[in-house]
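Asks: Sharing a structure, written as structure tokens. Questions coming.
The values are calculated or read from the model by the stated rules, or taken from the named source; none is laboratory data. Everything numeric here is computed off the predicted structure, so don't read it as measured data. Here Cβ is always computed from backbone atoms with ideal geometry, including for glycine, and neighbour counts include all displayed protein chains.
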Amino acid sequence: MNILEVSGVTKHFGGLTAINDVDLHIAEGEILGLIGPNGAGKSTMFNCVAGVFPPSSGVIRFKGESIAGKKPWDLCRLGLARTFQIVKPFASRTVLYNVMVGAFLRTGSTRKAREKAEEVLVTLQLDHRKNQVSGNLTIADRKRLEIAKALATDPELLLLDEVMAGLRPTEVDEMIAIIKRLRDGGVTVFVIEHIMRAVMALSDRVAVIQFGQKIAEGKPEDVTRDEKVIKAYLGSDYGAA
């Protein structure tokens, strides 16, 4: 069963068409990677799915229900959460406090919110940082905290926007392992990422966008051999390799 279906979605900003007639779907328990050049429309697609922008036309369905035009907080209650490429924790508050904010979506109990937050921090391997002020975290730990805040809302579909950008290779490997564990725990994942080895390691399928249009979709190994994708995004050196 598809947890997300995007049909003919177009988004205009004045005279600019950022997304043009894009179709996507994600099955329950799947990891779908979304790649493409800078400015291709990836973040606009995320923002349409997450309720930041209503699509100009087309249909977006989450768990079979049309969600076009719904606000992000309504979608979060339905089970759709996202992270942001530029992480902005409550810098003066502790790691635990940050994650508890997300947990309060599902409970009014401070005790239960704390228990949920501590459980999530173990999953993200941040429990040893729970009493640390968030503004003092490394970029790698801030990225994990960004995921933890979203995960605390108990999402069924998690949108991850370049959560590996700026990480060292060993940190990328650790993040890949974390995301796979989230999927194994029942969370479906939709991820934008530029680090191709991460995309290849993570994704069940990959969709490629260029100039707001989908130019390819399929298994990672097939997409990376597609001449259109090599020309538009990967480059001839990748194709030769």
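Asks: Being buried (at least 18 other Cβ atoms within 10 Å of the Cβ), assigned to a helix (DSSP H, G or I) and of a type outside the set (D, E) narrows it down to one residue among V163, V120, V101; which is it?
Replies: After applying the criteria, what remains is V120.
Asks: Checking the condition at pLDDT 95 or above, surrounded by fewer than 21 Cβ atoms within 10 Å (Cβ to Cβ) and within 24 Å of N20 (Cα to Cα), which residue from R183, R205 passes?
Replies: Among R183, R205, only R205 is at pLDDT 95 or above, surrounded by fewer than 21 Cβ atoms within 10 Å (Cβ to Cβ) and within 24 Å of N20 (Cα to Cα).
Asks: Out of curiosity, is V59 assigned to a strand (DSSP E or B), in contact with a Cys (Cβ under 9 Å, 6 or more places away or on another chain) and modelled with pLDDT of 95 or more?
Replies: no
Asks: Considering each residue of region 67-96, count those that are closer than 24 Å to L167 by Cβ and either part of a helix (DSSP H, G or I) or of a type in the set (A, V, I, L, M, F, W, C) (or both), and give that number.
Replies: Residues meeting the conditions: 8.
Asks: Take the residues in region 71-98 that are among the basic types (K, R) and under 16 Å from L158 (Cβ atoms); name whichever of them is surrounded by the most Cβ atoms within 10 Å (Cβ to Cβ).
Replies: Among residues in region 71-98 that are among the basic types (K, R) and under 16 Å from L158 (Cβ atoms), the one surrounded by the most Cβ atoms within 10 Å (Cβ to Cβ) is R82.
Asks: Of these, A117, A140, which one is of a type outside the set (S, T, Y) and under 18 Å from Y97 (Cβ atoms)?
Replies: Only one candidate qualifies: A117.
Asks: Surrounded by 17 or more Cβ atoms within 10 Å (Cβ to Cβ) and small (G, A, S): does that describe G108?
Replies: Judged against the criteria, G108 is not a match.
Asks: So which pairs qualify, if the first residue must be in region 140-162 and without any contact (Cβ under 8 Å) to a residue 40 or more places away in the chain, the second must be of a type in the set (S, T, N, Q), the Cβ gap must be under 8 Å, and the two must be at least 6 apart or on different chains?
Replies: Taking only residues 6 or more apart or on different chains, the pairs are R144/Q125.
Asks: Within region 123-138, which residues are loosely packed, with under 14 Cβ neighbours inside 10 Å and either aliphatic (A, V, I, L, M) or not in a loop (DSSP other than H, G, I, E, B) (or both)?
Replies: H128, G135, N136
Asks: When the residues of region 49-58 are narrowed to those that are within 19 Å of E156 (Cβ to Cβ) and in contact (Cβ under 8 Å) with a residue 40 or more places away in the chain, which ends up surrounded by the fewest Cβ atoms within 10 Å (Cβ to Cβ)?
Replies: Residue satisfying both the conditions and the ranking: A50.
Asks: Just to be sure before I move on: is D173 touching a helix residue (DSSP H, G or I) at 6+ places or on another chain (Cβ under 9 Å), in a loop (DSSP other than H, G, I, E, B) and either surrounded by fewer than 20 Cβ atoms within 10 Å (Cβ to Cβ) or hydrophobic (A, V, I, L, M, F, W, C) (or both) in the structure I sent?
Replies: Criteria not met by D173.
Asks: A further question on this structure: Looking at region 217-239, can you tell me whether even one residue there is surrounded by fewer than 16 Cβ atoms within 10 Å (Cβ to Cβ), touching a residue at least 24 places away in the same chain (Cβ under 8 Å), farther than 30 Å from F13 by Cα and over 20 Å from the mean Cα position of the chain (by Cα)?
Replies: The answer is yes, given that some residue of region 217-239 is surrounded by fewer than 16 Cβ atoms within 10 Å (Cβ to Cβ), touching a residue at least 24 places away in the same chain (Cβ under 8 Å), farther than 30 Å from F13 by Cα and over 20 Å from the mean Cα position of the chain (by Cα).
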